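Throughout, read-outs are computed from the coordinates displayed, never taken from laboratory work. Everything quoted here is computed from the prediction, not taken from an experiment. Glycine gets a Cβ as well: all are built from the backbone with ideal geometry, and neighbour counts include every protein chain shown.
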Amino acid sequence: MTMPPMRRIELLGGLRVTENAQALNVSGARAVSLLAYLALYPHTRHTREFLAELLSPDAPPERVRRNFSDALYRLRQTLGAAWVEADAERVWLADDVALTTDVWEFEQLAAHRDPASLESAVAFYKGDLLPEVYDDWILLPRSTLQEKYLAALESLSEILESQNDVPRALAYARQLIAADPLRETSHQTYLRLLGRSKRRAQAVVHFDYVRQLFRTELGVELLPETRALGEAIRSEAETISDAAPATEQLRFVGRAHEREIAIDGVERAMRGQGAVLCVEGEAGMGKSRLLREIAASAQWRGMATAYGVASENSGGSPFLIFGDALVPLLQRGRASQLETILSNETLAGLGALYAPWQNRASLPELPPAQARMRFQNDFVTLLKTLAQLSPLVLMLDDLQWADAAVWDLLDALLPRLAQTPLLLLLAYRRPGIEKNAGWEFLQKWERGGLETLALNPLTAADVVQLFDQTDTDEAARVAAFTGGSPFYLSEYLAGQREGRVLERDPIAARLRGLSESARTALNAAAVLGEQVAFRLWTQVALVSPLALAASGEELSARSFLQPTQAGYVFLHDLVRERVYQEIEPAARIALHARAADALAVFDAENWRARAFQLERAERGAEAADAYAQAGAQDLKQFAFRDAEAAFVRALALMPDTESVARVETELALAQTLDALGNRARQTEVLAHARRDARVLQNETQLLKALVMSGRVISLLGQVDEAAAMYDEALLLARKLGDATQEFEVLFWRGDFAMRRGELAAARIFYEQALMLARRVDNRQGEARALRGMGNLTRQEGNAAQALELHLEAIRIHRAMQDVYQEVVTLTNVLGALYDLGMWDRLLTTARDTIGLCESLAYAPGLAVARQLLSLGAYSVGDYEMARDLLVQVVAANTSAGDRRNVGLTVNVLGLVEYDTGNLERARELFLQALEIATGTQAATERGYVLHDMGVLYLATREFDAARDALLAAREIWHAQQNLFLQRKAEAYLGLAYAALDERARALELAQSGMADLRGGTLHGEQAQAWHWALYQLLTQLVRTSDAQSALDAAYAEVLRQASAIADDAMRANFLERVPLNRAIVTAHAEKIAVAETRVVVSLARRDAPLGRALHDSERVQVTWTLDAPEDAAIRGKTAQRQHRLRRLLAEADAQNAAPTDEDLARALGVSRHTILRDMAALAESGGTSPTRRRKRRAE
């Protein structure tokens, strides 16, 4: 008898059809849907019309029946007519006893309550009903089967738990949660089973994860009974020691001294005395445990704590350690507080640490170095503000793996800790840290008093505390066997509890006890690093998520891993390192390759981690590309030293032949080195880029390299080489029609020529740049070109026109909302204001500019603004302020490697010392400035210092040296076509000639100077110095009339500048403390026989009674200054009278007198009514000393 064919239809997890174990491929969506419907409803003969509508509910009527006929025909052709029967009206599945389906079997088994049937039912359920079918009709049966599957899992878990088969119940509970993660009762079961398994720590982690999951996905809190269960298990975990993770199984012993020092640091931080404390030691020496103990001590004292750990396997950001530490703190309510305290710009600047703040504000684009400084300032502000909200302990662990950017941030933070309630705890391995970028910082901080706790092995006395009974011999033996390492002591005690044989390598012994699947999974985890993301783990281990979950449970139970919300974490890095060492090299390479491929899919932007994995997978070319991408990311995140390392590594892994990718990487490295200020290395890299681009004949890349090279080489003072670079770049830019690069070449060529003193050439380049920018509508370029022309015009001696050009550039910047370029131009405005002697405006604008520079972290601009502020202070006689600011500027320029501006600032320091009478110190500073200017070939700066040295030599009567210096200065100004500075130098040169008895030459210079003075066309900085020198020269030459004219011009210039100073005290300093101005005012007063007019008057004592005639003893003799030379500087009759009135009141007050209104009216020769008006005006502008009448009112 012939046996009927064995036919089977499987619908769960996808359609599978077999006949006699041979697969039959049913194709076509409608054919699959038809067969599924017939299989689900096998004992019904379905009308053709019903089935047709079921398969094509949205098709036009004329297509419905045809679609059905096609599907039926395709199905019968594939399976054979014996599978599906049909007549003219109906279609049905053949009634065949040999036909089976997984759905029928699943439903039959799921209907029973015994564990065996339910387990079989669950095994049949390979997935949802036909997930590839999207027809509406299938939704109800699919949902019904899902519910039956979930009910079977739930029943299994409940039944097995009731039978105390907790491990199997836990497995089915885990499967139930995987199938339906938002079924809260399933999580209750799972938590309860974890608790019964004494895996309380894992239960706590899972409870926290579920609570967050429900908040995120559903926007609800867990049910009260779920929360009660979770908190009860948490309480057990905190009180029952044997449930703690393996890292905490060892009782905390020893370290009493170290702990006491750390707690002292905690107490100091609580008092607002911030500090940093380092914890160093070998791996396994208990550094992390000590941090946790310190954290516990800080917490019960009311301090907030934050913990971050670095990893050998790079994360997506170099600042990940700070994010890991601070984000939990921010999510616990601190973020909303900070959002009310910090500006949106500061919050946006911290977007790299806390993503929700990224779009709080639009930040102005800054050059890389300034962008990094802004980020560092924002980071410091964040930590200081957090610490002000609540004293904070920030713990950073495993810093031997930290990126260079982490140390840069810490270096920015440490100097500002002093008055902040923040304790910074830094833990790292020693000697591992010595290979890290942080080593140089630690050495620097140590020289500044950094405190370090070095953890040594535990002693036998410490170890004996770990045993229940006092056994010093056993303690000594164990201490010797484990080397006193807390980690190996923990391994020893764990092995003792588990009855394992004592071995030298306890980790290897534990590895041998793992199942094959768990060992395979553990190898994959070791390749991924300390933190094991579950999704990546599944890809690297090449097992299903459920199988991996089971392995994870085994590895957790064996204290290799600990579950986290994201996956798992190694209980100790020594465990991970040992596991990694045990992997066969070939297998290790394969695992790294899988990790790299998984990252490409699931974490595509994490180029740092991918580069690490690719390099270890020995896929060099791909690793090189990944490192280049990582470097670009680091550059955007201001992690310049990390970017440098990434680009260097990319070049090392690239084939040692020229390629476009190689040149691009070299240019990126050069850009990074520019941000780091490493000019020498940058020059070397650019040389390689130019050479490679020439070999490739890639003119686009060559042009970029030439433009960058010209700028860098010019800063190094290599004049001829820089000029050649610029010239070649200009020709190439025009050949390629690259207007952007052509503008850059023209602009920097103009800057280069100007700094060399080639002013005519500079004007040509700047004008060409301006025309090009306007032609191509490059508004930013137009503003930059205007700024360059302003600087040039100022150098030519026309400060007024320079100011107008700068202001025009600022209008464009503001129209474009380009804050950074606006600030850059403002720093140039300051120079023009200085030249024009607009001291009030200079000082105000300089202070405003300093604030803007600080907000943008624009260090070069900050140095310039401080330098001009110091020059303003110097010019009005505030030498103390000038000296302090100039010292800061020298330090800033030195740090930035800007030797040219270092020399310029040192020169100004020399001027301050000269004016305050420290001539020898001034000489030292001038010589230092001259050496720098000569070395950097800075012609303009050299001209300034030579002039100032010449003036100094005149004062010290070194006339030959004065002549030589001033001749050299004159030559520079003549070459630069700066007639004003040339005439100024010639006036002092004439004094040197006169002293050397070369009167003819002196007279010639005096006559040319007077001719230009009469012409009235020469203007420039400190014009009164030129007029004064010319006056002195003409006086020595007995040219009395011309001398008087020069003195009048000097006096008029001093009065012009003084009259623009609104502040009385500042104006007085300008006239009296500045030696040059004082000499001019005094000489002018003598020439016109105007001296200070003083009178002695009898006034009432300040404490004399009111309301009666005064006795002689109640009066005092007071000296009043009625007229002074400075009064001429006050414009306007009323303003001058009020200035004199204020002086009379101040002098009376200083001599313990209180004048009446009548006393003041008599002294100034005006009516009492005028005095009353003036007193009211003075009171509105800031108050006066009271007269007798006002004293009575006050009383």
- [ ] Rounded to the nearest 0.05, what FRET efficiency do residue 217 and residue 1064 give with R0 = 41 Å and r taken as the Cβ-Cβ distance? Could you check?
- [x] 0.05
Open item on the list: Expected output is a single nm value to one decimal: the length gained when fully extending between residue 59 and residue 1172, i.e. 0.36 nm times separation in residues minus the C-alpha distance. What is it?
Closed with: 390.7 nm
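Can you classify region 849-900 as rounded, prolate or oblate using the Cα gyration tensor, where a ≥ b ≥ c are the square roots of its eigenvalues, rounded means a/c under 1.5, and otherwise it's prolate if a/b beats b/c and oblate if not?
Oblate shape, in that a/c is at least 1.5 and b/c is the bigger or equal ratio.
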- [ ] Sequence neighbours fewer than 8 away in the same chain don't count; with that in mind, list the lysines whose C-alpha is under 27 Å from residue 1087.
- [x] 984, 1133
TODO: For residue 148, go through the lysines and keep the ones whose alpha-carbon is under 22 Å away, minus same-chain ones fewer than eight residues off.
DONE: 126
TODO: Quick one: angle between helix 486-498 and the longest Cα principal axis of the chain, in degrees between 0 and 90, rounded to 10, please.
DONE: 10 degrees
Open item on the list: Counting other beta carbons within 10 Å of each residue's own, what order do 665, 452 fall into, fewest first?
Closed with: 452, 665
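Answer rounded, prolate or oblate for region 100-244, using the Cα gyration tensor with square roots of eigenvalues a ≥ b ≥ c: rounded when a/c is under 1.5, else prolate when a/b is larger than b/c, else oblate.
On the way: a/c = 3.11, a/b = 1.62, b/c = 1.92.
Oblate shape, in that a/c is at least 1.5 and b/c is the bigger or equal ratio.
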Task: Note, ³J(HN,Hα) from phi for region 46-51, Karplus 6.51, -1.76, 1.60, rounded to Hz, x at Gly and Pro - done: 9, 5, 4, 5, 5, 5
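Taking 2.2 N^0.38 Å as the expected size of a compact globular protein, what ratio does the Cα radius of gyration of the chain give against it, to two decimals?
Rg over 2.2 N^0.38 Å, computed on Cα atoms: 1.32.
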Task: Residues residue 1180 and residue 1108, FRET efficiency given R0 of 45 Å [Cβ-Cβ distance, rounded to 0.05] - done: 0.90
Task: Relative contact order, percent, region 975-1088 [alpha-carbon distance under 8 Å, six or more residues apart] - done: 22 percent
TODO: With a Förster radius of 51 Å, plug the Cβ-Cβ distance of residue 1095 and residue 956 into 1/(1 + (r/R0)^6) and report the FRET value to the nearest 0.05.
DONE: 0.75
Open item on the list: Per 0.36 nm of contour for each residue apart, how much would the distance between residue 164 and residue 1014 grow if the chain were fully extended, relative to their Cα-Cα spacing?
Closed with: 294.7 nm
TODO: Would you list, by chain and number, the lysines whose Cα falls below 25 Å from the Cα of residue 435, excluding same-chain residues fewer than 8 positions away?
DONE: 287, 444
Open item on the list: Test of understanding: ordering 853, 278 by Cβ neighbours within 10 Å, fewest first, what list do you get?
Closed with: 278, 853
- [ ] Taking H placed 1.01 Å from N in the peptide plane, check which residues at least 5 places from residue 279 or on another chain put their amide H under 5 Å from its amide H.
- [x] 426, 427, 428, 453
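Which shape class, rounded, prolate or oblate, goes with region 952-1100 when its Cα gyration tensor gives a ≥ b ≥ c as root eigenvalues, a/c under 1.5 marks rounded, and past that a/b bigger than b/c marks prolate?
It is prolate, given that a/c is not under 1.5 and a/b is the larger ratio.
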Task: Rounded to 5, the percent of DSSP beta bridges in the chain classed as antiparallel - done: 55 percent
Open item on the list: For 187, 1169, 592, which order do you get if you count the other beta carbons within 10 Å of each Cβ and list the fewest first?
Closed with: 1169, 592, 187
